[in-house]
Amino acid sequence: MRIRTELERILSAAVDDIWGDLVPEDFQVTVSGSDNLEFGDLSCQSPLKLARIVHDNPRKIASMIVDSIKKKLPGISGISVDGPGFINFTLSLPYLVSVSGMLASGGLKSLLPDIGNGRKALVEYVSSNPTGPLTVGHCRQAVLGESISSLLEATGWEVSREYYFNDTGRQMTLLGMSLAARYKAVDGGSAEIPDGGYHGDYITEWAHELRDEQGSGLSWENSSTEFITFARERAIGIIKSDLSLLNIEFDRYFAESELIPDAVRSTIDKLSSIEIDGKSLVYPDNDEAGKLWLRFTSLGRPSDRVIVRDSGMYTYRMPDIAYHIDKFSRGYDLMIDVFGADHLDTSKDVTAALEILLGSLAVSDRLRIIIHQFVTLVREGRKIKMSTRAGKFVTLRELIRDVGSVDVTKYLFLTRAEAHMDFDLDLARKESNENPVYYVQYAHARISGIMRTAKDAGISLPEEHAALSADLLDGEHERELMRLLELIPSRTAAAAEACEPHRLTEILADLATGFHRFYQYKRIVDTENPDASSARLMLCEACRRSISDLLEILGIDAPERM
RNA sequence: GCGCCCGUAGCUCAGCUGGAUAGAGCAGCGGACUUCUAAUCCGCAGGCCACAGGUUCGAAUCCUGUCGGGCGUACCA
């Protein structure tokens, strides 16, 4: 990791020396890992970009830069100018060995940059309202949010995980009414579930439980709060137990009803006091008294929205804005919202309102919204339409049962957030058996086995990797593996900064392939050559720890035996 | 209609934020177990990166348009 920034610094100084003011201040010299071994380990493509700026041949530029570097570069054993004007670097064997040694002894975290540096981050995800069990759609969000949280933690952030839910709106009323209807039916009464109400079987189960606890004396007319509260608590209980299947625990469940009583009111007041082009941001409805609109069009949004209905109830945008104000007031340096694609419009409105209230810089610096696309479920070759209200949906619980493994379920859902995902339930089980996650876990189990064998043979890891002679690891297979290991920290850090945990699955697959190949070609434990065995064991341990550290970030088990 | 996202191997997906011959896994074909776990390894085959233009030394990646698909366009959250 450090070697890249060091090289960038040295190259950048060279560019300054040669061209000086010709090159703009903000020009960045970049060094990245090469795709192909024949181009060295690290590569700099800046000469190609410089060509346009200083109007010269890129190859010549590259050569000029290389020639100007007199000092021997640390950790580098070779520099060349290749292709149209790339500068390629070869990492030295001692450097590679030392990186592997650090991974083996200190694990991945010892080499990850401290990006957060103890700063506080809040990640909000799932945030499904308590109206029933979590569905397949929430699964994607849960996996995404949780792994982003862990990734931030791994790079030095102090992370809080938060689940926000609305428990005061019309949906909760409908849920309570639906429960009341089912409750009435328990004793043979006629039950009409209201329009837009909930039809899931779980409501019927709750009705029986409520009947057992409270007898039959309740009715919607005399105890609506009772029904709503009961349903709310049951729903939250189900959600928490669904999340625990994925080993997810939130630091806080934040209910809308917990917002300080006048938080929403005072946010409206603040918005009302703002005028843009002589017009107040909040304005009353022409026809219906008490109804208020927010002039989102003045904030660059496509249309104005109702924020308070004539009944006096807020529409969902309003508490969301107040909730975010609350988050900002709690002093987080970074706030991440993970939402489904259906929230795109709302979240843009919320952001626009926050920018006018808190300043656009404060918002863009600290708030990051990650929108993931939906999961399309396929069964028997056909797409399944889901509806929580109608009680037609595949739950998270069913999904995990169908797939047959929590680890596989997580792995399957770790894909690029902005891409749509087709999930074929019929293939799930089959894919489960051949899932790449086992390939990675097997590498870990295999190495664990080698460790056991080594222990029995009396061979142990080198005491001090710095003292290890690099010559013991000068084979091409060793080098290939160490090169892969060297790339892990920077790849992981890049995934963290992009908030793209799915990239870790790629790193893991590369690492597992690298190890399996190495294993194929090299006998690790060889009692005839204890020193070389010990050195190779160090490489295995570097792989093992890297795999288990990466899997841990993804919340996936790293088994010692399979 | 308008806004956002997606379209890469038969299937599921990567492609490091413009670079050097487009990558995995599964499925297909052919090889490798007296040796630390064959849930593995090696090889073959498979692609006009939806389509058409543009930007430049250079495009799967950026821009415009077209065609497909998803989501939104609620006084539901």
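The values are calculated or read from the model by the stated rules, or taken from the named source; none is laboratory data. Quick caveat, the model's predicted, so the values are computed rather than measured. All Cβ positions, even for glycine, are placed from backbone atoms using ideal geometry, and neighbour counts span all protein chains on display. Keep in mind that these areas ignore ligands, DNA and RNA; they rest on the heavy atoms of the full protein, side chains included. Shrake-Rupley method; radii C 1.70, N 1.55, O 1.52, S 1.80 Å.
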Next item on the list: For A:Leu377, list long-range residues whose amide hydrogen, built 1.01 Å from N in the peptide plane, is under 5 Å from its own amide hydrogen.
Entry: A:Ile384, A:Phe423
Notebook entry, point to check: With the other protein chains left in place, how much accessible area per residue, in square angstrom, belongs to the range A:170-253 at a 1.4 angstrom probe?
Noted result: 52 Å²
Check: DSSP beta bridges in chain A, what fraction antiparallel, as a percent rounded to 5?
Finding: 50 percent
Item checked: Dimensionless Rg over Rh [chain A; C-alpha; Kirkwood] -> 1.06
Margin query: Helix A:93-106 against the longest principal axis of chain A: what's the angle in degrees, Cα atoms only, rounded to the nearest 10?
Written below: 40 degrees
Margin query: Per residue, how large is the accessible surface of the range A:2-91? Use a 1.4 angstrom probe and give square angstrom.
Written below: 57 Å²
Next item on the list: Would you grab the residues whose amide H sits under 5 Å from the one on A:Tyr164? Only those 5+ places off in sequence or on another chain, please, with H modelled 1.01 Å from N.
Entry: A:Tyr125, A:Ser127, A:Phe254
Next item on the list: Grab the other residues whose beta carbon is less than 14 angstrom from that of A:Glu275, score K and R as +1, D and E as -1, and report the net.
Entry: +1
Check: Name the GluC sites (Glu not before Pro) in the range A:477-541 that are in a loop by DSSP and that have at most 10 other C-beta atoms within 10 Å, would you?
Finding: A:Glu528
Note to self: Quick check: the distance between the Cα centres of the range A:28-91 and the range A:392-439, to the nearest angstrom?
What the structure shows: 43 Å
Note to self: Can you give me the angle between helix A:58-68 and the longest principal axis of chain A, using Cα atoms only, in degrees from 0 to 90, rounded to the nearest 10?
What the structure shows: 60 degrees
Note to self: Rounded to the nearest 20 debye, what is the charge dipole size of chain A about its Cα centre when +1 sits on each Lys and Arg Cβ and -1 on each Asp and Glu Cβ?
What the structure shows: 520 debye
Notebook entry, point to check: Cα centroid distance between the range A:510-562 and the range A:179-242, in Å?
Noted result: 54 Å
Note to self: In chain A, if the dipole is taken from +1 on Lys/Arg beta carbons and -1 on Asp/Glu beta carbons about the Cα centre, which of A:Val282, A:Thr527, A:Tyr164 is farthest to the positive end?
What the structure shows: A:Thr527
Item checked: Cα centre as origin, Lys/Arg/Asp/Glu Cβ charges: the range A:170-253 dipole, Debye -> 180 debye
Note to self: Can you tally the net charge around A:Ile459? Count Lys and Arg as +1, Asp and Glu as -1, for every other residue whose Cβ sits under 10 Å from the Cβ of A:Ile459.
What the structure shows: -1
Note to self: Skipping prolines and chain starts, which residues have an amide H placed within reach, meaning under 5 Å, of the one on A:Ile307, given they are 5 or more residues away or on another chain?
What the structure shows: A:Leu292, A:Trp293, A:Leu294
Note to self: Once neighbouring chains are kept in place and the probe is 1.4 Å, which whole percent of the accessible area of the range A:251-306 is contributed by carbon and sulfur?
What the structure shows: 47 percent
Notebook entry, point to check: Is the range A:169-240 best put as rounded, prolate or oblate by its Cα gyration tensor, with a ≥ b ≥ c the root eigenvalues, rounded for a/c under 1.5, and otherwise prolate when a/b is larger than b/c, oblate when not?
Noted result: rounded
Note to self: Using DSSP to call loops (not H, G, I, E or B), can you name the GluC sites (Glu not before Pro) in the range A:446-476 whose Cβ has at most 10 other Cβ atoms within 10 angstrom?
What the structure shows: A:Glu463, A:Glu464
Next item on the list: Using packing as a proxy for protection, rank A:359-365, A:120-126, A:85-91, A:143-149 so that the peptide with the highest average count of other Cβ atoms within 10 Å comes first.
Entry: A:143-149, A:120-126, A:85-91, A:359-365
Next item on the list: With θ set to phi - 60°, apply the Karplus curve 6.51 cos²θ - 1.76 cosθ + 1.60 along the range A:447-462 and write out the HN-Hα couplings as whole Hz, x wherever there is a Gly or Pro.
Entry: 5, 4, x, 4, 4, 5, 4, 4, 4, 4, 7, x, 9, 10, 5, x
Item checked: Whole-Hz couplings from phi, Karplus 6.51/-1.76/1.60, listed for the range A:259-265; x for Gly and Pro -> 4, 4, x, 9, 4, 5, 4
Next item on the list: Would you mind checking the tilt of helix A:530-553 against the longest principal axis of the Cα atoms of chain A, expressed as 0 to 90 degrees and rounded to 10?
Entry: 20 degrees
